[in-house]
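*Asks:* Have a look at this one before I ask anything.
The values are calculated or read from the model by the stated rules, or taken from the named source; none is laboratory data. Just so you know, these numbers come straight off a predicted model, no measurement behind them. Every residue, glycine as well, gets a Cβ built from its backbone with ideal geometry; the counts of neighbours run over all protein chains shown.
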Ligand SMILES: C[S@@+](CC[C@H](N)C(=O)[O-])C[C@H]1O[C@@H](n2cnc3c(N)ncnc32)[C@H](O)[C@@H]1O
């Protein structure tokens, strides 16, 4: 673990304040080593010391530099198939049930709602390509969103380092579904084309989205206070099908936060109990295709969806 | 749980052995495939072997083939840990019966997460 040598307590406080202001995330002082690690690169790129960077954000707490600082602090820990037990539950239980329920309409809408650098939505795509050949010919859509544009750019480029593919990704999937380019690895187009990315701030009113069958909202709520958690859960629920499933991170729960969800027997998976009659501004209704029309989904350009999604809600 | 660490580099054996020990394994070291087969015969309850690819005497691939030809070791999980990063090489190892593959260099988290995938003492988070 890094020593706090390069960053004073006051500078740490300034960075935490910017993060709280711009992203709603409350970092504790114990996380200063993490803050320092993240911000060294930002400072270096500008030829600044950490102290000078802190000074700059203090004097312009809503400026471009402050925004960059806030974004750098958002990009967080993730990996392919993070929590492998959960992905087994998805493979053996949740996805087969959803697929059976959607057999008539042949459509599946999945949402990775805090996708960070993309490992989570690509893990979903890998699961589908590898284990559910019966989805051939279905309308399968994995929407991956995050607040951090830096993370989304990385995710959309889909170029992963050796270290990233070493982590949590079954070697069999690496061999079958990735292309190696020098020292980097990229999912093949059959995997990439299932996923499209858009910037969505979960703390704001959501843009029009398709009604979701499965939502992964993992390791994002943990940073937030109870009221914020409640708000996010309710608005995500408003974008889900009445038999949809929500998946949270291993340290998160809907219990005592949102009575509209009930825990499934499978750990970490929640079912919608009270589907709101209509999502305000969503326009997707229960109809399979209605909401999807709001989004451009050309397979060759996953980020074409961004303007359409952003139309509904301003992002920071 | 017993585990074998098979690598001709003493430094690598020490690193991997230390990581496995921290994860709660009892570690037996071997310097190449032939040595490993002998150790394995003495440690029949071993659940895991981390196997380097390029080693003198008997290389990792030959070791994997020998183990997979022996029903007695059916429950043994084999993880190749190698500097080879060609997909064709990885495919060869998997076809021969390796369960997982780690590219060098690696970190403690990488090893822990791979073991998690195999249902062996994985990361808690
Ligand atoms: C720890 S990562 C989780 C990544 C992945 N879901 C996982 O579990 O591995 C948390 C992510 O939440 C994102 N995030 C934080 N606040 C957000 C917000 N208000 N709206 C959308 N995403 C947000 C961050 O940018 C970051 O990428």
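*Asks:* Residues in the stretch A:211-232: is at least one within 14 Å of chain B (Cβ to nearest Cβ), surrounded by 20 or more Cβ atoms within 10 Å (Cβ to Cβ) and modelled with pLDDT of 95 or more? Give the steps one after another, and end with the answer.
*Replies:* Going through the stretch A:211-232, the residues within 14 Å of chain B (Cβ to nearest Cβ) turn out to be A:218-219, A:222.
Remaining after also requiring surrounded by 20 or more Cβ atoms within 10 Å (Cβ to Cβ): A:218-219.
Narrowing the set further to residues that are modelled with pLDDT of 95 or more leaves A:218.
Scanning the stretch A:211-232 turns up at least one residue that is within 14 Å of chain B (Cβ to nearest Cβ), surrounded by 20 or more Cβ atoms within 10 Å (Cβ to Cβ) and modelled with pLDDT of 95 or more.
*Asks:* I've got another one for you. Among the residues of the stretch B:35-45, are any out of contact with any helix residue (DSSP H, G or I) (no Cβ under 9 Å at 6 or more places or on another chain), at pLDDT 95 or above, assigned to a helix (DSSP H, G or I) and surrounded by 16 or more Cβ atoms within 10 Å (Cβ to Cβ)?
*Replies:* Scanning the stretch B:35-45 turns up at least one residue that is out of contact with any helix residue (DSSP H, G or I) (no Cβ under 9 Å at 6 or more places or on another chain), at pLDDT 95 or above, assigned to a helix (DSSP H, G or I) and surrounded by 16 or more Cβ atoms within 10 Å (Cβ to Cβ).
*Asks:* In addition: I'm checking my understanding of the structure. Among residues of the stretch A:161-174 that are in contact (Cβ under 8 Å) with a residue 40 or more places away in the chain and farther than 17 Å from residue B:86 by Cβ, which one is farthest from the other protein chains (Cβ to nearest Cβ)?
*Replies:* Ranking the qualifying residues of the stretch A:161-174, first place goes to A:164.
*Asks:* Follow-up question, since we're still on this one. Restricting to the stretch B:87-104, give me the number of residues that are facing another protein chain (nearest Cβ under 8 Å) and closer than 18 Å to residue A:164 by Cα.
*Replies:* So the answer is 6.
*Asks:* Hey, another quick one. Given the criteria touching a helix residue (DSSP H, G or I) at 6+ places or on another chain (Cβ under 8 Å) and either more than 8 Å from chain A (Cβ to nearest Cβ) or surrounded by fewer than 16 Cβ atoms within 10 Å (Cβ to Cβ) (or both), does residue B:116 qualify?
*Replies:* Numbers: touching a helix residue (DSSP H, G or I) at 6+ places or on another chain (Cβ under 8 Å): yes; either more than 8 Å from chain A (Cβ to nearest Cβ) or surrounded by fewer than 16 Cβ atoms within 10 Å (Cβ to Cβ) (or both): no.
For residue B:116, the condition - touching a helix residue (DSSP H, G or I) at 6+ places or on another chain (Cβ under 8 Å) and either more than 8 Å from chain A (Cβ to nearest Cβ) or surrounded by fewer than 16 Cβ atoms within 10 Å (Cβ to Cβ) (or both) - is not met.
*Asks:* Additional query: Please note which helices (runs of 4 or more DSSP H) are completely contained in the stretch A:1-115 and include at least 1 residues that are farther than 30 Å from residue A:226 by Cβ and away from every other protein chain (no Cβ under 14 Å). I'd like the intermediate steps shown before the answer.
*Replies:* Working: elements: A:9-23, A:32-45, A:50-59, A:64-74, A:84-89, A:95-101.
Per the criteria, A:32-45, A:50-59, A:64-74, A:95-101.
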